[in-house]
Structure formats: C-alpha cells, structure tokens
Amino acid sequence: MRKWLILVALVAVIAAAIVLYLRPRDPLRLGGIALPPGFEIALYAEHIHDAQSMALGGNGTLFVGTESLGLVYAISDLDGNDRAEVVDTVARGLRTPSGLALLDGALYVAEGSRVIRFDNIEAQLTNPPTPFIVNDRLPAAQTRTARYLRFGPDQMLYVSVPAPCDVCETADERLATIMRMNADGSGLEVFARGVRQSRGFDWHPETGALWFTDNGPDEATIGEAVDELNRATEAGAHFGFPYCHGAAIIDAELGTGRSCEEFEAPVRSLDIGVSPFGMRFYTGTTFPPDYGGQIFVAEHGSETGASGYRITRVMLDGNQAVAYEPFGTGFADVTETSGRLTDLLVRPDGALLVSDAGMGAIYVIRYVGP
C-alpha cells in the first residue's frame, strides 16, 4: 500500500511539474516594474534571445534583430490577444544583424559592412527568400559592429557606423558617423559626424529633424561616462567625438587646442553611464495628451548595474529638452539578467513595445486609464 501511495505522489509531482513548465508565464512576474498611474505592462513574446532593434511589418509581424546570435526573428500574434504565439527565424548565420528597417514589404538588415534585403518577407516567413545585397561598402570594424537602421521621412535609409575604439581618431572619416543611402543602396554619404556609437534614432514628427542617442566613452577613459541625446537639422554637422565629450568635456589627449563650441552640443546630457539605445517619439494617441511628441529612451544600463536598466521620458518644449525622468523602472529585478533594454517601437494602436536582450523578451506597455 505504501508503495502505491509513493507512486501516486510521484506521479502527481511529475504532472504538476509538467503543467508548471507548459503553462504561459504569469505576467504578474512583471509586477515589480513601476510605471506611471494608468499604465500596465505585459509580456508580448518570450524566447527572443539577444533581442535588439525592432521593425513592424504592414501585416503586424514584428521583426527583431540580434547582435551575437546572427539571427533575425519574425514574431506573430495570430489570435490578436497581444501575446505572440509564433516565432519564426527568417535569417541565420549573419554577422551582427542588429539593425532592421522595412519599406514596401521588404526587410532591410544591417550586418557588419553591408545592408541586405529580404523582399516580400511577410508572405515568406517560413521559407524566406535569398537576400539581395543592397550595399556592401559600409566601413568594416572588428569591434562595435552593431548598426542601427531606419528609413527617414526622405525615404533614405539611415545607418549608424560606430567608432572602432573607445576614444581615437580614425583614418576612415566614415567611422563614428550616421550615414544614409537611397533604398537601392546608391548615394551612400555621411549625414552626421562625430557620433561615437548611436544605437537609436528617430525623426521629430513635426520638424522632420533627426534625433539620436549616442553612447559616450567608458568612464575610465575620460573620468566621467557621458551619454547624450542629440539633434541634427541638416547634413554635415559634427557632434564632437573624439575631441569633445558631452557638452563641455575636452578630451585630455585629442582635444588639445580644440573647444567644445566648435561642435554641435547635445540637446540633453543623460544620466551617467545609462547607455542609451533605442529612442522614439511617441506618435500614438492612446497615451495621455501630454505624452504626444515626447521622447522615450531605452536605457541599456552600465555593465556594473549601477545605472540604466529602465525606460526614460524626455519632455520637449520646441527643440528644448525641459525635463528628463524615469518612466519605467524595475526591469533589472525581473531576473538576474533582465533589464538590458535595447529598443522601443510605437504600434499603430498606440501601445509601446520594448525589447529586452537580457530577458530575451518583448514587452507591451498600454495606457488603460486612471
């Protein structure tokens, strides 16, 4: 009799473990994330390992790049319940395919020194086409190969080209820039110079000016970690790297005889060492009215965990950043590796999608009212 009881108990334990493993993850595990009153956060997709920048297809497919895995994901919410059920891998074996953009149904991917294109991608998620090489003449770099990629309002394709170092001068003037090209890869040119490492940019919904984040050098190099939010109103502006860091820090070695007044000053210096990645103007209509046209920033966080790991909001008055404050905090407490936020995306319904490389997750933030 005792053996039967033990056997029954063992079966019950195994069955409970299977149910626990197979059930959808409880969104209440995000309960430690603090948002302003009226906002809620939920898990949109999981097992999106090393999730980096995002792009949304016309049919609702969410594409997500990676930095270290060489993969591009396609995420589908088939039943419309705001929880993705299907994750396809539409590309493998690429070199740092972190930057994604979409135009006319084609998915553009920035990988290493080239941009490639997958045509009519949403109709071929399970059997993606062979990519077309749009441009393979981007500057190559052995380090910091991740690019950010988006189409601007001028229908040109903008791509970030990071510096190959912490602080240095480079013989190739295309390094430490944001470049742009036509959709067919022609006309490649430098748009903004002196940009150490931009991992996110967007265009002002009214003025059309390009705004972008820039990750400053390591604190050990210049004595202070300086991250920035910048604005470029026309092509050719220089934003200081490697001679000036932040608004007023002249580089001790390379800035001799230079002045920060020679360069475009940041619109806003961000908190020390937050490592800003994706940024977006809020263009939806479902958040409260005072969020319209304001900026959200995904702060990836310092390696020490001392700063970042949050979403911040930058409030604008015209072209001036009049306030900068946390919007979503507590991401680092979800798991030991979570909180490494990488990108933001405003959906047509006004909800905000957020990618978390550490957690391998995509979150959705909605406003549900007071």
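The values are calculated or read from the model by the stated rules, or taken from the named source; none is laboratory data. Just so it is clear, the model here is predicted, and its values are computed rather than measured. Heads up, the Cβs are rebuilt from the backbone with ideal geometry, glycines too, and the neighbour counts pull from every protein chain shown. We work out accessible area using only protein heavy atoms, side chains counted, and drop any ligands, DNA or RNA first. Shrake-Rupley method; radii C 1.70, N 1.55, O 1.52, S 1.80 Å.
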> Which members of region 73-104 meet the condition of being over 16 Å from A123 (Cα atoms) and buried (at least 16 other Cβ atoms within 10 Å of the Cβ)?
Replying inline: R83, A84, L94, T96, P97, S98, G99, L100, A101
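Looking at this structure, is Y363 open to solvent by 10 Å² or more (accessible area, probe 1.4 Å) and hydroxyl-bearing (S, T, Y)? Quick ask: steps written out before the conclusion?
Values: open to solvent by 10 Å² or more (accessible area, probe 1.4 Å): no; hydroxyl-bearing (S, T, Y): yes.
Here the answer is no, as Y363 does not meet what is asked.
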> Any idea which of (1) at pLDDT below 95; (2) open to solvent by 10 Å² or more (accessible area, probe 1.4 Å) is the one S338 doesn't satisfy?
Replying inline: (2)
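Does any residue of region 160-183 turn out to be over 19 Å from A146 (Cα atoms) and at pLDDT 95 or above?
Filtering region 160-183 down to residues over 19 Å from A146 (Cα atoms) leaves 169, 171, 182-183.
Now restrict to residues that are at pLDDT 95 or above: 182-183.
Scanning region 160-183, I find at least one residue that is over 19 Å from A146 (Cα atoms) and at pLDDT 95 or above, so the answer is yes.
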>> Can you name every one of the strands (runs of 3 or more DSSP E) wholly within region 211-327 that holds 2 or more residues which are open to solvent by 30 Å² or more (accessible area, probe 1.4 Å) and of a type in the set (D, E)?
In response: none
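Name the residues in region 151-203 that are in a strand (DSSP E or B), in contact with a Phe, Trp or Tyr (Cβ under 8 Å, 6 or more places away or on another chain) and open to solvent by less than 20 Å² (accessible area, probe 1.4 Å), would you?
L157, Y158, V159, S160, T177, I178, M179, F191, A192, F201, D202
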> Do we find that P128 is over 21 Å from the mean Cα position of the chain (by Cα), modelled with pLDDT of 95 or more and surrounded by 19 or more Cβ atoms within 10 Å (Cβ to Cβ) in this structure?
Replying inline: yes
>> Tell me whether region 46-69 contains one or more residues that are within 22 Å of F201 (Cα to Cα), open to solvent by 20 Å² or more (accessible area, probe 1.4 Å), part of a strand (DSSP E or B) and modelled with pLDDT of 95 or more.
In response: yes
> Here is a list of conditions, (1) in contact with a helix residue (DSSP H, G or I) (Cβ under 6 Å, 6 or more places away or on another chain); (2) open to solvent by less than 10 Å² (accessible area, probe 1.4 Å), and A42 meets all of them except one; can you say which number that is?
Replying inline: (2)
